[in-house]
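Everything on this sheet refers to the single structure shown next.
All of the numbers you see were taken from the coordinates with simple rules; none came from a lab. Computed from a predicted model, the values in this text were never measured in an experiment. Every residue, glycine as well, gets a Cβ built from its backbone with ideal geometry; the counts of neighbours run over all protein chains shown.
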Amino acid sequence: DMELSPSLSLELLPTDPLLLILSFLDYRDLVSCCYLNRRLNQLSSHDPLWKRHCKKYWLISEEEKSRRNQSWRAIFISIYSDLGRYIHYYATLKKAWDDLEQYLGQWCPRMISSLKESVREEDLDAVEAQIRCKLPDDYRCSFRIHNGQKLVVPGLMGSMALSNHYRSEDLLDIDTAAGGFQQRLGLKQCLPLTFCIHTGLSQYMALESVEGRNKYEIFYQCPEQMARNPSTIVMFITGTSYLEWFTSYVNKVVTGGYPIIRDQIFRYVHDKDCVATTEDITVSVSTSFLPELSSVHPPHYFFTYRIRIEMSKDALPENACQLESRYWRITNAKGDVEEVQGPGVVGEFPVISPGKVYEYTSCTTFTTTSGYMEGYYTFHCLYNKDRFFNVTIPRFHMVCPTFKVSTA
């Protein structure tokens with residue numbers, strides 16, 4: 001039989017391998033080590049071990065550390081004592097807010113001044129007491145970073161404009177949201193997240209699973225026109241939780257997924273495959289669903305689309321041409337086809353020359369929840385009046401978001 005060596009005591013183990021082992025522990029286990037014995041207490045207080053946790057959970061940079069003039073461990077503990085309940089959300093939401101501010105600073109500077117400072121923990125507790133409902137931690141965490149925005153135009157959560165229709169959604173501050181908290185049938189226990197001054201449209205978050213909603217689901221609320229019961233509403237679902245709803249929107253904005261027009265974020269979605277090039281002319285399309293102009297009964301789903309027509313800057317000057325007419329083939333989800341032909345686009349006959357871009361918006365409605373359009377423009381050459389040619393408009397699909405009717 002082999003003789004067993006006396007067990008190694010922690011006191012005899014060298015420091016470096018122990019620090020290496022501790023560097024793999026999460027903050028909770030590192031704290032637990034402090035209580036095991038004196039040696040582990042000393043080692044787990046080793047400041048560089050806390051740097052990773054400060055960066056991972058609180059996004060603290062070296063500059064911020066030197067500004068605070070505290071050790072990494074002290075910084076971790078001080079932030080944890082304030083924001084500890086949000087440790088699983090904070091870094092994600094803080095990064096989203098930082099990215100958004102950086103992007104707005106570059107493209108929509110006046111929107112930054114509408115953002116409000118953070119709220120305190122007790123302000124959030126007071127709102128919960130007022131509405132007699134718990135707010136989800138991801139929502140609370142976001143408002144510890146920014147308390148939404150002032151009720152101004154343009155709204156942080158995007159705009160939409162058509163000839164005589166305009167929408168711009170503000171992210172509501174906590175007090176305004178609490179003031180709009182709903183107890184009425186059809187919207188029981190729903191908190192407004194956004195508001196548009198022009199249309200009165202809001203996106204709501206369900207704080208409880210009632211009336212057929214899932215807890216924390218986010219939706220546009222639209223009246224059900226044909227319902228006998230006035231409390232029946234249609235909910236067009238836009239998110240499953242505040243974290244998912246907010247970060248996916250910010251991600252779309254900062255990656256250039258939405259166009260910035262006149263200092264505003266326009267919520268047109270462009271499908272990268274939705275581009276067609278004929279000779280020197282490229283046509284691309286982006287689309288948007290408008291819940292406030294749509295209804296489920298009678299079925300009337302309203303979409304707007306934005307078309308960009310561009311001639312390559314390398315094209316020859318003699319290729320300059322003018323749009324003469326348009327042809328559309330519109331297909332709904334049942335396969336019904338409608339054909340539309342007419343002069344120009346939106347009453348105009350744009351001239352396209354090398355490097356020039358022409359953009360316009362129009363709209364369509366479907367009686368089905370989805371459909372698609374395709375077609376072509378007919379152009380004539382400016383320097384050869386007899387030459388006509390067709391330019392393909394790529395097929396683009398429009399799909400209504402998932403919706404539910406409240407079971408009030």
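Compute the signed sum of charges (Lys and Arg +1, Asp and Glu -1) over the other residues within less than 15 Å, Cβ to Cβ, of residue 108. Walk me through the numbers before you get to the answer.
Working: positive: 110, 150, 252, 262, 267; negative: 99, 101, 169, 170, 263.
Around residue 108, the surrounding residues sum to 0.
With +1 on each Lys and Arg Cβ and -1 on each Asp and Glu Cβ, and nothing else charged, work out how big the dipole of the chain is about its Cα centre, in Debye to the nearest 20. Write out the running numbers ahead of the final one.
Working: 43 positive and 48 negative charges, 115 e Å.
Using Cβ point charges on Lys, Arg, Asp and Glu, the chain gives about 560 debye.
Compute and list, largest first, the equivalent-ellipsoid semi-axes of the chain from the alpha carbon gyration tensor, each √(5λ) rounded to a whole angstrom.
Semi-axes, largest first: 52, 30, 20 Å.
In whole Hz, what ³J(HN,Hα) sequence does segment 281-288 give by Karplus (6.51, -1.76, 1.60; θ = phi - 60°), x for Gly and Pro?
Ordered by residue, 3J(HN,Hα) equals 10, 10, 10, 10, 10, 10, 9, 8 Hz.
Between the DSSP loop rule and a limit of at most 16 other Cβ atoms within 10 Å, which trypsin sites (Lys or Arg not before Pro) in segment 45-123 are left?
Working: sites: 51, 52, 55, 56, 65, 67, 68, 73, 85, 94, 95, 110, 116, 120; in loops: 116, 120.
Those satisfying the criteria are 116, 120.
Hydropathy at least -1.0 by Kyte-Doolittle, axial extent at least 20 angstrom from the Cα trace: which helices of the chain, defined as entire DSSP H runs, fit? Please list the in-between numbers first.
Numbers: long enough: 90-107 (25 Å, -0.88).
Membrane-span-like by this rule: 90-107.
Report the local net charge at residue 121: Lys and Arg +1, Asp and Glu -1, summed over other residues whose C-beta lies under 13 Å from its C-beta. Mind showing how you got there, number by number?
Working: positive: 85, 120, 140, 144; negative: 82, 122, 123, 125, 128, 137.
Value of the local net charge: -2.
Trypsin sites (Lys or Arg not before Pro) within segment 164-243: which are DSSP loop residues with at most 16 other Cβ atoms inside 10 Å? Write down the numbers at each step before the final one.
Working: sites: 167, 184, 188, 213, 215, 228; in loops: 184, 188, 213, 215, 228.
In loop regions of segment 164-243 (DSSP not H, G, I, E or B), the sparsely surrounded trypsin sites (Lys or Arg not before Pro) are 184, 215, 228.
Calculated from DSSP H runs of 4 or more alone, at -39500 (n - 2.57) each and per residue, what is the 222 nm mean residue ellipticity of the chain, nearest 500?
Details: 12 runs with 114 residues, N = 408.
It lands at -8000 deg cm²/dmol.
Around residue 201, what is the net charge, scoring Lys/Arg as +1 and Asp/Glu as -1 over all other residues with Cβ under 9 Å from its Cβ? Let's see the in-between values first.
Working: positive: 167; negative: 169, 292.
Result for the neighbourhood of residue 201: -1.
Alpha carbon centre of segment 230-293 versus segment 22-75: separation in Å?
42 Å
What order do you get for 17-28, 191-202 when each peptide is scored by the mean count of other beta carbon atoms within 10 Å, highest first? Spell out each step's value before the answer.
Details: 17-28: 12.8, 191-202: 19.4.
Put in order of decreasing packing, that is 191-202, 17-28.
Looking at segment 275-380, which trypsin sites (Lys or Arg not before Pro) are DSSP coil and have at most 10 other C-beta atoms within 10 Å of their C-beta? Mind showing how you got there, number by number?
On the way: sites: 306, 308, 313, 326, 329, 334, 356; in loops: 313, 334, 356.
Here the sparse-neighbourhood loop sites are 313, 334.
Run the reach check for residue 188 against lysines, Cα to Cα strictly under 27 Å, same-chain hits fewer than 8 apart removed. What comes back?
Counting by Cα, and skipping residues close in sequence, residue 188 has these lysines nearby: 134, 150, 215, 404.
For the charge dipole of the chain, defined by +1 on Lys and Arg C-beta atoms and -1 on Asp and Glu C-beta atoms about the Cα centroid, which residue among 100, 407, 84 has the Cα displaced farthest towards the positive pole?
Value computed over the given set: 407.
Each residue of segment 334-346 in turn: what ³J(HN,Hα) in whole Hz from Karplus with 6.51, -1.76, 1.60 and θ = phi - 60°, glycine and Pro shown as x?
Values, residue by residue: 8, x, 5, 10, 10, 10, 10, 10, x, x, x, 9, 6 Hz.
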